[in-house]
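Contents: one structure, followed by commentary.
The values are calculated or read from the model by the stated rules, or taken from the named source; none is laboratory data. The structure presented is a predicted model; accordingly, all values stated were derived computationally and were not measured. So basically every Cβ, Gly included, is an ideal-geometry build from the backbone, and we count neighbours across all protein chains shown. Only protein heavy atoms, including side chains, enter the accessible area calculation; ligands, DNA and RNA are left aside. Shrake-Rupley method; radii C 1.70, N 1.55, O 1.52, S 1.80 Å.
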Amino acid sequence: MIKKSIGLQDLRRKIYLKAKSIKTYRFWGLYVHVCKLETLHEAYLLAKRNNGAPGIDGVTFDVVEEGGLEDFIRQIQTELVSGTYKPLRNRRKEIPKGKDKVRVLGIPTIKDRVVQGALKLIMEAIYEADFQEGSFGYRPKRTAHAAVNRVAEAVVKAKTQIIDIDLSAYFDNIRHHILLEKVAERVVDNKVMRLLKLILKVNGNKGVPQGGVISPLLSNIYLNEVDKMLERAKEVTSNGKYTYIEYARFADDLVILVDGFPKWNWLVKAAWKRLLEELEKLDVQLNREKSKLVDLTRGETFGFLGFDFRRTKTRRGKQGVLVTPRMKTKTALLGKLKEVFRRFNSQPVDRIVQIINPILRGWVNYFRIGNSSRCFGYVKDWVEKKVRRNLMRARKRSGFGWNRWSRTWLYDTLKLFNNYRVERYQD
């Protein structure tokens, strides 16, 4: 983990405490902190840690450092201070997303990543004080696992009426004027607002690019009023420590859970109506085909962050929840692995194992909470058979070589990934 400098840490802490204590305070004089060498250096380190492909100019981190990192940072500072900084267009990259669909990433240049990162480091301290408990996406010390756990706990507590929300092309349709108005509620620094507008407008008249350093923060600012509305709903309907509505949001993935007792049917309708009202203010469109109401007591299921949720009974006969990887996520993983085996069919098997191990490790680490054992067992057996078939083909034989290669050999000698242990989520 990269350690932030003390000066920047102290500054961010002071900004956060000020924003937390005075909810109507509007910050000024922020631009000078964005331009500090310390902030720009930190933004560069964060960008390098995330690595990523080069932007439209083709410049990589190696090229930057070969040319002199200090000169690179100082040049950015000079452009920011003089007001001559102009961001370049993002490089577009299409990522497959389900059947016949793609997600378009906008990849900024390293220079633009540093500027966006510096702006984010200062702005984030303000808005973290405003964000709500149910918001988890791309925030410090908050994870997708925590969001999944929040939803699972709500189901266990009998919140079985589900409003499963799917927003239509959310990032692509964020309205710049609405976003800038929301930022201006907390920021009164003209230079910061000008810089933010430059970043937004360089790629069009609406939307924030998925892949931009500052995009996740901006997307959370945009939907913060939706979170506030749901927090108010929790508060006004609560009875002491008991609540009858819960929610969790990770970027544009939102689920609302309402108590299953019939007396709270009105709350489902009210939450749905208020949600539509808030989204209309933001000009955010709902995907009507994918957004739905789910009743877990009828055996229905819903998905959130790649997991399926269904109600079940525990061994003690109490109501519980089953949280498993969605079928399409498993299918996508096996498809990706199958492509590796196909492309590198002529390579030595240990080379193939080196390629698939990081893919397996990342997927399993994400899904190792909940009730993933059966799914993991299937994936493990499938991978093992594919490796065995590859070994046998290299010897121009059929079958799986069960007697020739033991499981111990596959995992201890060949070093095939073998950590499929499911863990209980701990906050």
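Structural remarks
- Residue within segment 367-387 that is farther than 30 Å from R150 by Cα and aliphatic (A, V, I, L, M) present: yes
- V321 falls short on exactly one of the conditions (1) open to solvent by less than 60 Å² (accessible area, probe 1.4 Å); (2) at pLDDT 95 or above; (3) closer than 22 Å to T143 by Cα, and that condition is (2).
- Filter result for the condition that a residue is part of a helix (DSSP H, G or I) and either out of contact with any Gly (no Cβ under 6 Å at 6 or more places or on another chain) or open to solvent by 70 Å² or more (accessible area, probe 1.4 Å) (or both), over N371, N390: N390
- Scoring N90 on the criteria (1) over 29 Å from the mean Cα position of the chain (by Cα); (2) open to solvent by less than 40 Å² (accessible area, probe 1.4 Å); (3) of a type in the set (S, T, N, Q) leaves a single failure, condition (1).
- Taking segment 297-354 as the range and being part of a helix (DSSP H, G or I), over 24 Å from N418 (Cβ atoms) and of a type in the set (A, V, I, L, M) as the test, no residue passes.
- Where V236 falls short, out of the listed (1) in contact (Cβ under 8 Å) with a residue 60 or more places away in the chain; (2) open to solvent by 40 Å² or more (accessible area, probe 1.4 Å); (3) among the hydrophobic types (A, V, I, L, M, F, W, C): (1)
- Subset of segment 325-354 [over 28 Å from F304 (Cα atoms) and open to solvent by 40 Å² or more (accessible area, probe 1.4 Å)]: R342, R343, F344, N345, S346, Q347, P348, D350, R351, Q354
- Leading residue by the ranking (nearest to the chain's Cα centre (by Cα)) among those in segment 399-427 that are open to solvent by less than 100 Å² (accessible area, probe 1.4 Å) and at pLDDT below 90: Y425
- Residues satisfying the stated conditions in segment 97-110, i.e. open to solvent by less than 60 Å² (accessible area, probe 1.4 Å) and outside any loop (DSSP other than H, G, I, E, B): V104, L105, G106, I107, I110
- Segment 151-173 - residue that is within 18 Å of the chain's Cα centre (by Cα) and crowded, with 22+ Cβ neighbours inside 10 Å and, of those, farthest from N203 (Cα to Cα): V151
- Of all residues in segment 287-296, those being in a strand (DSSP E or B) and open to solvent by 80 Å² or more (accessible area, probe 1.4 Å) number 2.
- The residues listed here are K290, K263, K241; of these, the one that is under 18 Å from I165 (Cβ atoms) and not polar (S, T, N, Q) is K290.
- Near pairs, Cβ below 7 angstrom, 6+ apart or cross-chain, from segment 67-96 (free of Cβ contacts under 8 Å to residues at least 24 places away in the same chain and assigned to a helix (DSSP H, G or I)) to any residue that is aromatic (F, W, Y) and surrounded by 18 or more Cβ atoms within 10 Å (Cβ to Cβ): E79/Y85
- Where a residue in segment 367-385 is over 18 Å from G306 (Cβ atoms) and its partner, wherever it lies, is open to solvent by 50 Å² or more (accessible area, probe 1.4 Å), with Cβ under 9 Å and at least six apart: K380/N418; E384/F400; E384/R407; K385/F400
- T84 satisfies every condition listed in (1) at pLDDT below 95; (2) farther than 30 Å from K328 by Cα; (3) loosely packed, with under 12 Cβ neighbours inside 10 Å except (1).
- When W402 is tested against (1) among the aromatic types (F, W, Y); (2) assigned to a helix (DSSP H, G or I); (3) farther than 30 Å from K157 by Cα, exactly one condition is not met: (2).
- Residue list for segment 326-358, restricted to those being free of Cβ contacts under 8 Å to residues at least 40 places away in the same chain, closer than 14 Å to K415 by Cα and β-branched (V, I, T): I352, I355
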